[in-house]
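Shown next, in structure tokens, is the structure this report addresses.
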Amino acid sequence: MHLLSRAFQKESVAGYLEKDGQMARVLSTKDLIGLGVGTVIGSGIFILPGHEAANNAGPAVAIAFLLAAVFSGICGMAFAEFSSAMPVAGSAYSYGSVIYGEVIGWLLGWSLILEYFLAVSAIATGFAAYLNSLLSQIGLALPKALQAGPDQGGFVNLLAIVVILIATFILFAGLSQSKKVENAGVVLKIAIILLFVIGGLFFIKPSNYADFYPKQFQTGLFGLGGITAATASIIFSFLGFDTIAAHAAEVKNPTKTMSRGILGTVVISSTLYTLFAIVLTGIVNYKKLGVDDPAAFALQTIKQTQFSVVITIGALIGMFTAILALIFASSRLAYSFGRDGLMPKGLGRVNAAHLPKNAILLAVIVEAFLAGFIPLSTLTNLINIGTLTAFMFITFGVLFLRKRSDLAHKGFKMPFYPVLPTLAAGLSLFLIIRLPILTLKLYALWVLIGLIWYFTYGIKHSAISTKQS
């Protein structure tokens, strides 16, 4: 068979379902929403609203959150349709292998590595920064050498590694235990956010809304430049709900549960983000919100300093649940690669507790190393481009999914077909193009490395090649 034809050969859903039979289907809609909200509502809600209000949109940042939520919701619908029709592990990687062919599926999975692995490390670094600040306030600060990696004047970011190891210990306790911790953390985090929203209502000054969309931000087409710039940045705070699709092989009644979990996550997250932004910009004038801890700053401004500690704790809980959920998702992605032979098959094995032990260990070793020793500021946008690439292929892939007579189409279906899938794919491409040139170049290099791996190792050891030999 010609090499190119072989690379674009498509996997079968039946084959995936058979191999995923070793995974236990124990996750409910509540558990999926816990994982989704745990990922999406991370450090972003405690940082982004202030920065975007101060730099791009003023109080109109709330509208930017709504626009970002609409885009995320549309993409979420595509993932919901795919996961209903193909309840298998691997998310966009598995979907791409079935719809486009193995090499495209591999590149989508290779792109998701940027989202999952780098996001864990980035959030762990943020967690360490918040916790180091809190420890300093009570006189327990760590030595500078243990607060950052070599490139930032230290030796190792110890707390970033420790939080990843703690999350891993919880995951190894079993799926039932880890989902309980995740759900409890999400409930507590939402409670703290609602406490800020409800309590903050009593301190809102209507005068702070008088200049709702400041004139200096009214640039570009129809004067919407500020809002669209804020939306482009805020969209990235929603990236993560797609990780739910990585757990489809462990979900009860996936035809209904997957769509409810994904769309429920988008609705809850967008509501919390928008309410948070409205109250924040009502308490303090937007010009003063360009700080890394805008909620705590706002509470200090209105002399409610005792609650600023509560907000910091909320941020820590938010980041921890995001780390837990993303390690969960990244290990399932690594499991999928091993399951199909595109990476060493040991990654595709599960232990007696139905956990992909080797895949979890690989994910944690890489993520802990990045968090402890590598500054991720240069790589942050790679998280975005990896995810947006998956969004583009999956939303456009709905057009091909509907034509597959060999797949079940009894679950959720994306509305306004084929206009909405095509529009979402186009918007994803537009956002990719808007990313910095350096990011595009680094991503091109990452894709090249992925192709070299595929054609030198993956294609030879793939389950498809094994069947044919």
Pairs under 8 Å by beta carbon, first residue open to solvent by 70 Å² or more (accessible area, probe 1.4 Å) in the stretch 133-153, partner in a helix (DSSP H, G or I), six or more apart or different chains? P150/F373; G153/K144
Do we find a residue being buried (at least 23 other Cβ atoms within 10 Å of the Cβ) and in contact with a Leu (Cβ under 9 Å, 6 or more places away or on another chain) anywhere in the stretch 298-306? yes
Would you be able to tell me the number of residues in the stretch 430-454 that are surrounded by 16 or more Cβ atoms within 10 Å (Cβ to Cβ) and either free of Cβ contacts under 8 Å to residues at least 12 places away in the same chain or over 27 Å from G346 (Cα atoms) (or both)? 6
Just to be sure, is Y457 open to solvent by 40 Å² or more (accessible area, probe 1.4 Å), assigned to a helix (DSSP H, G or I) and not basic (K, R)? yes
Restrict the check to the stretch 21-30 and report whether at least one residue is at pLDDT 80 or above, farther than 20 Å from Y116 by Cα, of a type outside the set (D, E) and not in a helix (DSSP H, G or I). yes
For residues in the stretch 193-226 being in a loop (DSSP other than H, G, I, E, B) and modelled with pLDDT under 85, which is surrounded by the most Cβ atoms within 10 Å (Cβ to Cβ)? L224
Which of the helices (runs of 4 or more DSSP H) contained wholly in the stretch 264-378 include at least 2 residues that are β-branched (V, I, T)? 305-339, 357-373
Please go through the stretch 364-412 and pick out each residue that is under 14 Å from L114 (Cβ atoms), surrounded by fewer than 20 Cβ atoms within 10 Å (Cβ to Cβ) and modelled with pLDDT of 85 or more. V366
Kindly indicate whether A129 is open to solvent by 10 Å² or more (accessible area, probe 1.4 Å), modelled with pLDDT of 85 or more, among the small types (G, A, S) and in a helix (DSSP H, G or I). no
Considering only residues of the stretch 390-449 that are in a loop (DSSP other than H, G, I, E, B) and among the aromatic types (F, W, Y), which is nearest to A245 (Cα to Cα)? F412
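The values are calculated or read from the model by the stated rules, or taken from the named source; none is laboratory data. From a predicted model like this one, the values you see are computed outputs, not experimental measurements. Positions of Cβ are backbone-derived with ideal geometry, glycine not excepted, and every protein chain shown enters the neighbour counts. For accessibility, only protein heavy atoms count, side chains too; no ligands or nucleic acids. Shrake-Rupley method; radii C 1.70, N 1.55, O 1.52, S 1.80 Å.
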